[in-house]
Ligand code: 13P
C-alpha cells in the first residue's frame with residue numbers, strides 16, 4: 001500500500017513572516033488522522049525558517065531543486081548535503097519551469113536526481129508534456145522518455161527511492177486541471193512502463209499529480225488508482241486550501 005504524499009511547492013513566493021504564518025497554520029490545522037504525508041517546498045532561503053517552525057511536527061520539508069554535483073565551483077547552486085543539513089528530506093527535480101525557463105534537460109534532471117539520492121534526499125522527479133505535445137499526441141512519448149532518462153541514470157534501485165510527479169505543463173497555474181481520467185491515463189501508463197522493468201518497484205513507487213489541484217478537484221484526482229497524492233502550487237500558499245487538499249488524500 002502506498003502512503004499518499006501531498007507536497008506544497010511555493011515556487012518563488014513568501015517572506016520569512018509569511019513562511020512562519022503559513023507553516024504554523026498548516027501544522028496546527030493538520031488533522032491528527034491525516035492519511036497523507038505532508039511536505040512543504042519553500043524557496044531555498046526560507047528553508048531554515050521553515051525548518052524551525054516544522055521541528056517536531058508531522059509536516060516535512062523539501063527544496064525546489066538540488067545541484068547535480070556534491071561540492072565545488074557551482075555558483076548559484078545548493079547541494080543535497082546542504083539541504084539535508086537544513087532539514088530537507090525531499091528535493092524537486094525537473095520541474096517544468098526549470099526545464100522551460102532555465103534550459104534543464106533530461107540528462108541534467110537525471111543527474112540532479114542522482115545527487116539528491118547520494119545526499120540522502122528523496123527526489124520528486126517532475127514529468128509532463130506541453131499543450132502542443134499533447135495536441136500532437138506525443139504525451140506518452142514525452143513522459144516515458146523523461147522517465148527513461150532518470151532510469152538510465154539511477155537504475156531501478158534508485159528509481160525505487162524517488163517519487164514521480166506528473167505535471168502537464170498546460171495545467172500548471174492555468175486553473176485548467178487535467179481531468180481525473182486524463183491524469184489517470186498518464187499515471188497508469190507510467191506505472192505500466194515501470195512494471196515492465198520491475199514489478200516490485202511499480203507497486204511501491206508513488207506518483208503525484210500536479211497542475212491546478214484545488215480543494216474542489218483534489219478528491220476526484222486522488223481517488224484514481226495510480227494517483228498517490230499531489231504536487232500543489234498556488235493552493236499551497238493558502239493554508240485553508242492546502243489543508244483541504246491534504247484531507248482529501250486517502
Ligand atoms: P499550480 O497548482 O499552481 O497549478 O502549480 C502546480 C505546480 O507546478 C506544482 O509544482
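Read-outs throughout are calculated quantities, based only on the coordinates presented, and are distinct from any laboratory measurement. Please read these numbers as outputs of a predicted model, since none were measured by experiment. Don't worry about glycine lacking a Cβ; one is built from the backbone with ideal geometry, like all the others, and counts go over all protein chains shown.
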- Averaging sequence separations of C-alpha pairs under 8 Å and six or more residues apart, then dividing by the length of region 1-139, give the relative contact order as a whole percent. 20 percent
- Which three lengths, in whole Å and largest first, does region 109-196 cover when its Cα atoms are put on their principal axes? 36, 29, 20
- Task: Provide the gained length on full extension for the span residue 220 to residue 13, in nm with one decimal, where the gain is 0.36 nm per separating residue minus the Cα-Cα distance.
- Result: 71.8 nm
- Task: Extending each Cα 7 Å along its Cβ direction at residue 203 and residue 174, get the distance between those two points in nm, one decimal.
- Result: 3.7 nm
- At the level of C-alpha centres, the distance separating region 58-122 and region 196-212, in angstrom, is 20 Å
- Order of 95, 187 under a 10 Å beta carbon neighbour criterion, fewest first: 187, 95
- Item | Average projected area [Cα convex hull, the chain], square nanometres | 12.2 nm²
- So what's the convex hull volume per residue for the Cα atoms of region 80-129, in Å³? 67 Å³
- Message: Taking 0.36 nm per residue of sequence separation and subtracting the Cα-Cα distance, how much length would be gained by fully extending the chain between residue 100 and residue 185, in nm to one decimal?
- Response: 28.2 nm
- Note on the structure: The value for region 54-103 (convex hull of the alpha-carbon atoms, volume per residue, Å³) is 87 Å³
- For the chain, what relative contact order do you get, as a whole percent, if you take Cα pairs closer than 8 Å and at least 6 residues apart? 23 percent
- Quick one: P(r) of region 38-78 from all Cα-Cα pairs, 5 Å bins, percents rounded to integers, in order of increasing distance. 5, 23, 25, 18, 15, 10, 4, 0
- Using alpha-carbon positions, what is the distance between the centroids of region 1-51 and region 166-190, in Å? 23 Å
- Extension gain from residue 51 to residue 2, taking 0.36 nm per residue of separation minus the Cα-Cα distance: 15.1 nm
- Protection proxy ranking, peptides 164-176, 70-82, 33-45, 9-21, average beta carbon neighbours within 10 Å, highest first: 164-176, 33-45, 9-21, 70-82
- If you wrap region 64-152's Cα atoms in a convex hull and average its projection over all directions, what's the area in nm²? 5.8 nm²
- Inverse of <1/r> over all distinct C-alpha pairs of region 173-250, i.e. the Kirkwood Rh in Å, gives 12.8 Å
